[in-house]
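Below is one structure, written out as structure tokens; the observations come after it.
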Amino acid sequence: MDRRHFLKTGFVGVGTMVLPGNSWALKYYPTPSEKKWAVLYGTWCGSSRDAAVWISEGMGGIANVFDVRENPDLKGFDHVIVGGSIRSGVTPDELREYLKKNAQWLKDKVRGLFAVCGNMRRPVGPEQTAAFIDDHLAKLCGVAGVPSKVFLGRITKSLMDPQTARTMEKMEDYDNLHRSECMTFGREVLDSVTRVSPAQPTAR
Ligand SMILES: Cc1cc2nc3c(=O)[nH]c(=O)nc-3n(C[C@H](O)[C@H](O)[C@H](O)COP(=O)(O)O)c2cc1C
């Protein structure tokens, strides 16, 4: 085997060894910012991932966005927004486990909470905020009174595992998640922090 062919084969081999472990990693390149922001999400079929990215976009793209399945180390971040999709009234196991394990240090950094639910395609109200934010995510994070939002999500049966898709057989796919609402929430969270620290008007 000539040297060029050997190197090429070698790189392909290394690539296939390394990539599968990171196959769900969303590479997001935030806009530089004085303060480090992160959005952490838990999702099944991606609605909370998209909400998280759009929340960051509402903040001018300064927040890095992490899937909880990557088990990210967020200790180096100043501000964290946490959110997740809802099935049977709760967020994914991985998110709940992560929050329980990391609540001790995370509680001082959580600046916003969000949930993405179906709510039988009806508008969300105080009942959903109480169930998914106050009695669920806020408790898991050990925080109270931070800005929060419950978004309506979507159903994409082709992205579900076959067993779950079968339970949804009678339901049509739908999409009620709106980028503009997610962006508005991102701005609200950012404003809530910059309002609290008037001594640093440019810090975000
Ligand atoms: C199996 C299953 C259970 C669900 N349970 C609830 C629920 O208890 N309450 C609710 O409001 N929405 C519920 N939904 C709707 C989801 O929250 C909504 O479709 C969300 O956008 C899914 O997020 P994902 O894209 O991360 O899967 C459920 C959806 C599925 C597929």
If amide H atoms are modeled at 1.01 Å from N in the peptide plane, then the residues at a separation of 5 or more from ARG154, or on another chain, having amide H under 5 Å from its own are ASN176
The set of residues whose placed amide H lies less than 5 Å from the amide H of GLY84, leaving out same-chain residues fewer than 5 positions away, is GLY42, PHE114, ALA115, VAL116
Low-density loop GluC sites (Glu not before Pro), the stretch 95-204, at most 12 other Cβ within 10 Å, DSSP non-H/G/I/E/B, are GLU169, GLU172
Along the stretch 124-135, Karplus-curve 3J(HN,Hα) (6.51, -1.76, 1.60; θ = phi - 60°) to the nearest Hz, with x for Gly and Pro, reads 7, x, x, 4, 6, 4, 5, 6, 9, 9, 4, 8
Carbon and sulfur atoms account, in whole percent of the 1.4 Å probe accessible area of the stretch 35-196, for 48 percent
For 80-91, 64-75, ranked highest to lowest by mean beta-carbon neighbours within 10 Å, the order is 80-91, 64-75
Taking a label point 7 Å from the Cα of GLU127 along Cα-to-Cβ, the residues of the stretch 135-150 whose backbone nitrogen sits under 19 Å from it are 135-137, 149-150
Which residues qualify? For LYS35, with a placed amide H closer than 5 Å and at least 5 residues away or on another chain, they are ARG204
Once both label points are put 7 Å beyond Cα along the C-beta direction, the ASP134-ASP173 separation in nm becomes 3.7 nm
Under the Karplus relation with 6.51, -1.76 and 1.60 and θ = phi - 60°, whole-Hz ³J(HN,Hα) for the stretch 167-177, x at Gly and Pro, equal 5, 9, 3, 7, 9, 7, 4, 8, 9, 10, 8
For LYS100 the rounded accessible area (nearest 10 Å², probe 1.4 Å, non-protein molecules ignored) is 120 Å²
Taking TRP44, TRP54 and ranking on accessible area (1.4 Å, protein atoms only), highest first, one gets TRP44, TRP54
Two pseudo-spin positions, 7 Å from Cα along C-beta at LYS107 and at THR194, lie apart in nanometres by 3.0 nm
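The values are calculated or read from the model by the stated rules, or taken from the named source; none is laboratory data. Worth saying up front: this structure is predicted, and the values here are computed from it rather than measured. Here Cβ is always computed from backbone atoms with ideal geometry, including for glycine, and neighbour counts include all displayed protein chains. For accessibility, only protein heavy atoms count, side chains too; no ligands or nucleic acids. Shrake-Rupley method; radii C 1.70, N 1.55, O 1.52, S 1.80 Å.
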